[in-house]
Amino acid sequence: MNVIVVKDYEEMSKKGSEIIADVIKKNPSCTLGLATGSSPIGTYQNLVKMNKNGEISFKDVKSYNLDEYCGIDRTHPQSYYYFMHDNLFNHVDIKEENTHVPYAANGSNLDEEAKKYTDALNKVTIDLQLLGIGGNGHIGFNEPGTPFDQETFVVKLTDKTRQDNKRFFNSLDEVPTHAMTMGIKNIMKAKSILMLISGVNKHDAVTKLLSGEVTTDFPASVLHNHPNCTVIIDEAAFRG
Ligand code: F6R
């Protein structure tokens, strides 16, 4: 695991976007695994700028998102489908048909959709998978205890995760109880992994991650088993 400590969120986003831009420049038809949440927003903003100034093109880039809430429609401003369009897809030249977000809206057959997502993932190779980390060590929505050989599935979110994500909703009651997520096995198949960690509230997670112990109790620890994983941590998250 290659650990890079940077000054703040802005520097993390700069470094993060440079790493992703390099992957796109080397292989303009690469496949990216993408994340939502607060951590990648600045990185996406930089990628939008690089696309607008002609430095990179998403014309032939394909993307697969990590996860999606169950039971809210894609038009819901807190759906991850909406987030990705709002923060990246609507502002770059990526083709809609090349973007993929798990489908878990009201009325969908969740088990069937999860299987379809795994089948789709098994047909591609993700060149770079972008990740954030949950306060409890989750990656995607693989909560503590998830087996490392898990593929895309529907997960019951922990109270901690729902509390952490309450900030995006009007109340805790509105935070979905379940999500569909790529499994740890799907994530670990990526050729390279880039994790972004920022803010003092991630310090405990950073301490556990950097302890080096690999355990299903702390899902992100599996990244120690990946041959090409870079973690960018800002000083607040690193020092606490
Ligand atoms: C998002 C995702 C989650 C987040 C994690 C950190 O697609 O899969 O694992 O990366 O919850 O979220 P933020 O970045 O909001 O702190």
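What follows draws every value from the coordinates through simple rules; no lab data is involved. If you're wondering where the values come from, they're calculated on a predicted model, not measured in any experiment. Every residue, glycine as well, gets a Cβ built from its backbone with ideal geometry; the counts of neighbours run over all protein chains shown.
Per-structure values
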| item | result |
| --- | --- |
| Packing-based order for 226-236, 34-44, using average beta carbon neighbours within 10 Å, highest first | 34-44, 226-236 |
| Label-to-label distance, nm, for residues given as GLU55 and LYS7 (7 Å Cα→Cβ offset) | 1.7 nm |
| Net +/- balance of residues flanking HIS226 in space, Cβ distance below 15 Å, scoring K and R +1, D and E -1 | +1 |
| Hypothetical label at ASN228: residues of region 22-38 whose amide nitrogen lies under 20 Å (7 Å Cα-Cβ projection) | 22-35 |
| Gaussian network model of the chain, springs between alpha carbon atoms under 10 Å - residue of HIS76, HIS178, HIS91 with greatest fluctuation | HIS76 |
| Diffusion constant of region 39-123 at 20 °C, which comes from Stokes-Einstein with the Kirkwood Cα-pair radius and 1.002 mPa s, µm²/s | 155 µm²/s |
| Region 122-186: trypsin sites (Lys or Arg not before Pro) in DSSP coil with no more than 14 other Cβ atoms inside 10 Å | LYS123 |
| The chain: Cα Rg divided by the 2.2 N^0.38 Å rule of thumb | 0.94 |
| Gaussian network model of the chain, Cα within-10 Å springs - most flexible of THR146, THR75, THR161 | THR75 |
| Amide proton proximity set for GLN129, modelled H, under 5 Å, gap of 5+ | GLY33, SER192, ILE193, LEU194 |
| Linear extension gain, LYS25 paired with ASP173, 0.36 nm per residue minus alpha-carbon span | 48.9 nm |
| Listed pairs LYS95/LYS185; LYS26/LYS191; LYS7/LYS160; LYS14/LYS185; LYS7/LYS52 exceeding 24 Å between Cα atoms | LYS95/LYS185; LYS7/LYS160; LYS14/LYS185; LYS7/LYS52 |
| Cut-off 16 Å (backbone N to label point 7 Å along Cα→Cβ of THR216), residues of region 116-137 | none |
| Extreme residue, positive dipole direction of the chain, given options ALA114, HIS91, ASN65 (C-beta unit charges) | HIS91 |
| Sequence-distant residues sharing a close amide H with ILE56 (under 5 Å, placed H) | ASN51 |
| Cα gyration tensor, region 88-130 - rounded (a/c under 1.5), prolate or oblate | oblate |
| Cα-only Debye scattering, region 81-213: base-10 log of I(q)/I(0) at q = 0.16, 0.21 Å⁻¹ | -1.00, -1.63 |
